[in-house]
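Scroll down for the structure; my scribbles are underneath it.
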Amino acid sequence: MHAFRKMAYLDVEKTGSTYVSKFLRTFLDDEEVHVEKHGLLEDQPPADRIHVISVREPLDLYLSLFSYGCDQRGRVHEALVAAGHGDLYAPTGEAFGRWLDLILDPANAHLLANRNYARSGCAPFVGLMSFRVARLAMPRPLEALAGVDGVDSFLDAYRKHSVVDEVLHTERLTEDLEAFVRAYDGRLTWKPSTEAAIAELHKDRRVNASNRVDEGDSFVVPAGARERVQAREPLLVEVFGY
């Protein structure tokens, strides 16, 4: 979480969070009070604070996470290598399919870097990416998700406990950030001015910061991968419209 006095950015992994945090730190005229990369909300977040989260199309999230691991980076990569699955990280569609099989299988939740995913009891019903969003969007997430016994109750728990006011979509991050700046102009102050911050936002449009294994013509996403991912990521599909 990247928190200021008047707003907090809930920085979901692999959603352009470094870019968003840099923009806020540079242009938001507000006191920065807490920075913990992908950290949790306080138990009692300020009721008058604006909460913004970023999300991303779920298959693209998994491809980005896999690519990150192929560069030998990231906590999921470290955890899977430690568990003896380092051979899954090869820059091919076939390897991605085998990696995806492992990641999507709830029986493997305990192998992933975030042990709370397995402890939450949500793994049989939702994938890692939906859990990551829920974990950052609500105070005391394990408590809020206790007793979840299916997709519907997971979504109900999210809707009941989420503090999210605004959503940034990675696919249109510049446009969504501009819309956010304009929507809260007056309630939030931008430096040196609102229009100057927006002009710099467009000048410094985000580009993909990491190499992607699927950028080459030889990489073929396995058939049915999108449908399998969407079936495991109901929060991103049903709440955020992916």
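The values are calculated or read from the model by the stated rules, or taken from the named source; none is laboratory data. Not measured: the values here are computed from a predicted model. As a convention, Cβ positions derive from the backbone with ideal geometry for all residues, glycine included, and neighbour counts pool all protein chains shown.
Tabulated results
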read-out	value
Single residue of region 201-225 satisfying the filter (loosely packed, with under 14 Cβ neighbours inside 10 Å and more than 30 Å from residue 92 (Cβ to Cβ)) that is modelled with the lowest pLDDT	205
Failed criterion for residue 44 (all others in (1) within 27 Å of residue 143 (Cα to Cα); (2) not in a loop (DSSP other than H, G, I, E, B) hold)	(2)
Tally, over region 156-167, of residues that are in contact with a helix residue (DSSP H, G or I) (Cβ under 6 Å, 6 or more places away or on another chain) and in contact (Cβ under 8 Å) with a residue 40 or more places away in the chain	3
Residue selected from region 115-172 under the condition modelled with pLDDT of 95 or more, more than 18 Å from residue 241 (Cβ to Cβ) and of a type in the set (Lys, Arg), by the criterion farthest from the chain's Cα centre (by Cα)	160
Among (1) within 30 Å of residue 95 (Cα to Cα); (2) loosely packed, with under 12 Cβ neighbours inside 10 Å; (3) at pLDDT 95 or above - the single one residue 231 does not satisfy	(2)
Residue ID - farthest from residue 42 (Cα to Cα), chosen from residues in region 126-146 that are surrounded by fewer than 20 Cβ atoms within 10 Å (Cβ to Cβ) and in contact (Cβ under 8 Å) with a residue 24 or more places away in the chain	146
Residue in region 111-133 that is assigned to a helix (DSSP H, G or I), hydrophobic (A, V, I, L, M, F, W, C) and in contact with a Cys (Cβ under 7 Å, 6 or more places away or on another chain) present	yes
Condition check for residue 154: surrounded by fewer than 19 Cβ atoms within 10 Å (Cβ to Cβ) and among the aromatic types (Phe, Trp, Tyr)	no
Single match in 38, 34 (criterion: surrounded by fewer than 19 Cβ atoms within 10 Å (Cβ to Cβ) and closer than 15 Å to residue 128 by Cα)	38
Search result, residues across region 138-165 that are part of a helix (DSSP H, G or I), under 19 Å from residue 237 (Cα atoms) and not polar (S, T, N, Q)	145, 151, 152, 154, 155, 156, 157, 158, 159, 160, 161
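For (1) outside any strand (DSSP E or B); (2) surrounded by fewer than 18 Cβ atoms within 10 Å (Cβ to Cβ); (3) of a type outside the set (D, E, K, R), each residue gets a yes or a no:
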| position | (1), (2), (3) |
| --- | --- |
| 52 | no, no, yes |
| 61 | yes, no, yes |
| 65 | yes, no, yes |
| 77 | yes, no, yes |
| 80 | yes, no, yes |
| 87 | yes, yes, no |
| 94 | yes, yes, no |
